[in-house]
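Remarks on the structure that follows.
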Amino acid sequence: MSTSETLAFNPFLPEVHEDPYPLYHQLRAADPVHRSPLGFWVLTRHADVLAVLRDARMSRDPRRSERMELLRSSTEVDELLSSEEAAPSMLFVDPPDHTRLRALVTKAFTPGAVERLRPRIEAIVAELLDRVAEAGEMDVVEDLAYPLPVTVICELFGVPERDRDRFRAWSRELVRLLDPLVPADSLERALRARQALRDYLRELIAERRAHPAGDLLTALIAAEDQGRQLSEPELVSMCVLLLVAGHETTVNLIANGMLALLRHPEARAGLQAGVNLPGSAVEELLRYDSPVQFTSRHALADLEIGGRRVRAGETVIAVLGAANRDPAQFPDPDRLDLTRAPNRHVAFGGGIHFCLGAPLARVEARIAIGALLARLPGLELCPRPPVRRDTVTLRGLASLPVTFPAPISPAGTA
Ligand code: HEM
């Protein structure tokens, strides 16, 4: 049996989940356009991944996939799916709907718009670090990486603070839908969470319609009211997408990034102390341990990738995390080099679905990691090890305990 036949792409195996990069290297070397026994294709080369993301013959719409039928495996799931009055979000549609939906929110997330949020982001980070600075220990996820992006996106949308815990629970369940395989019970829970989140947003929209405010939700409601730019189900899906993206991605950049820095003191030592982490360092942290490991596309026509024939309707998994460690694109790809240039990573995807929130994620990570290192320079990993989250498409940590020297109390006050 050849190596390519014995290799399997199973991101759920515990050792692969912990560290998927050795498997990615093996696949890329032996079988870069891999046909999984489950019927989908797996791409691990940077050039193939980028080409697929930019190819108009590859759809982002799951309704174009033969595999959609696999999901409808239980009666409950079938009922849940058919009872939903939902429209897909921009992430799951092709042009022209994609172009129309994306245009409605582009302005709110441009680098200029995000720069205006900088003082508020700095204030939130300072406040979060004030809370733990005396303690001598913290959980980077709970105390900083999670609350920062959640507060920012909820404030942008005007989600009341009292509802944020419920939101967190729904969002956690829902993102399981992004994984390549979802066990039936998780699928059911995820679909119920999605429904609860949509019901909640419908209420919030009704309330905001009655009492407009200066937030993004009010602007989107106006787009729905004023023209036929956005239907009500599309408005709800847009809110779900942006709020969930705000809850589930940047947290992983900050946590994975901090873990990489803590495990590479020599790389960290080269960083200049300052409130902002250098831009090149954030790009390298995005490349080195990417928060979104895969995305998928569905072939609209028969086509060829790396000499293999992909048929219309087949699904291709583009492994962003593997493309980001491809030695053909990145010299010494397993080395964390915070000054790496050029750094053409695909952590934010590519082509028309390139991450809308990239400027926001970059600014939040630069400020959060920069301030953490500047304020708590003696930061170290705790003997209690970090805990990984169990999702595979979204790669992140459930907790990252760290210690640091607490400030010395002035003499006589201890
Ligand atoms: C480090 C943080 C983040 C990472 C690594 C990330 C990654 C990605 C990736 C890989 C895609 C493309 C998916 C595909 O092509 O199939 C994407 C799309 C998207 N992201 Fe992000 N994201 C991050 C943060 C955010 C934030 C903070 C927001 C907004 C609040 C956001 C909103 C979106 C949206 C709306 C899309 C869909 C764009 C489209 O379909 O045109 N992301 N993101």
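The values are calculated or read from the model by the stated rules, or taken from the named source; none is laboratory data. Quantities reported herein were computed from a predicted structural model and do not represent experimental measurements. No Cβ is skipped: glycine too gets one built from the backbone with ideal geometry, and neighbour counts run over all protein chains shown. All accessible areas refer to the heavy atoms of the entire protein, side chains included, with ligands and DNA or RNA removed. Shrake-Rupley method; radii C 1.70, N 1.55, O 1.52, S 1.80 Å.
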> Using r as the Cβ-Cβ distance of Thr339 and Thr6, and R0 as 41 Å, what FRET efficiency do you calculate, to the nearest 0.05?
Replying inline: 0.60
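I want the local charge near Ala341. Using Cβ-Cβ distances under 13 Å, sum +1 for each Lys or Arg and -1 for each Asp or Glu among the other residues.
After counting each charged neighbour, the total is 0.
Just to check, using Stokes-Einstein with a Kirkwood Rh over alpha carbon pairs, what's the diffusion coefficient of the chain at 20 °C and 1.002 mPa s in µm²/s?
It diffuses with D of about 95 µm²/s by this estimate.
Could you compute the net charge surrounding Arg28? Neighbours are other residues with a C-beta less than 13 Å from the C-beta of Arg28; K and R count +1, D and E count -1.
In short, -2.
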> Helices from the chain with mean Kyte-Doolittle at least -0.5 and a Cα length along the axis of 30 Å or more, per DSSP H: which?
Replying inline: none
>> Can you compute the helix-only [θ] at 222 nm over the chain? Use -39500 (n - 2.57) per DSSP H run of at least 4 residues, normalise by all residues, nearest 500 deg cm²/dmol.
In response: -14000 deg cm²/dmol
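Looking at the chain, send over the antiparallel percent of its DSSP beta bridges, to the nearest 5.
Rounded to the nearest five, the antiparallel share is 90 percent.
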>> Starting from 0.36 nm per residue, how many nanometres of slack lie between Ala56 and Ile352 once their C-alpha separation is accounted for?
In response: 105.6 nm
> Which of Gly350, Tyr288, Gly214 sits closest to the plus end of the dipole of the chain, meaning its Cα is farthest towards the positive end, when Lys and Arg get +1 and Asp and Glu get -1 on the C-beta?
Replying inline: Gly350
> Rolling a 1.4 angstrom probe over the protein heavy atoms, how many square angstrom per residue are accessible across the chain?
Replying inline: 45 Å²
> If you place +1 on the Cβ of every Lys and Arg and -1 on the Cβ of every Asp and Glu, how big does the dipole about the Cα centre of the stretch 331-414 come out, in debye to the nearest 20?
Replying inline: 120 debye
>> With +1 on the Cβ of every Lys and Arg and -1 on the Cβ of every Asp and Glu, and nothing else charged, how large is the dipole of the stretch 97-243 about its Cα centre, in debye rounded to the nearest 20?
In response: 640 debye
> Sorted by packing (mean other beta-carbon atoms within 10 Å per residue), highest first, where do 204-215, 347-358 land?
Replying inline: 347-358, 204-215
> Over all Cα pairs of the stretch 148-235, how is the pair count split among 10 Å bins, expressed in % and running from 0 up to the last occupied bin?
Replying inline: 15, 41, 32, 11, 1
>> Using the Cα centre of the chain as the reference point, and only Cβ charges (+1 on K/R, -1 on D/E), how large is the resulting charge dipole? Debye, rounded to the nearest 20.
In response: 860 debye
> What is the extension gain from Ala113 to Cys382, computed as 0.36 nm multiplied by their sequence separation minus the C-alpha to C-alpha distance, in nm to one decimal?
Replying inline: 93.1 nm
> Where the accessible area of the chain is counted over protein heavy atoms with a 1.4 Å probe, how much of it, in %, is carbon and sulfur?
Replying inline: 54 percent
> With a sphere of radius 15 Å drawn around the Cβ of Leu271, what net charge do the other residues whose Cβ falls strictly inside it have (Lys, Arg +1; Asp, Glu -1)?
Replying inline: +1
> Once the Cα gyration tensor of the stretch 273-323 is diagonalised, what are the square roots of 5 times its eigenvalues, in whole Å and ordered largest first, as equivalent ellipsoid semi-axes?
Replying inline: 36, 10, 8
> Using mean Cβ contacts within 10 Å as the protection proxy, how do 18-30, 140-152 order, highest first?
Replying inline: 140-152, 18-30
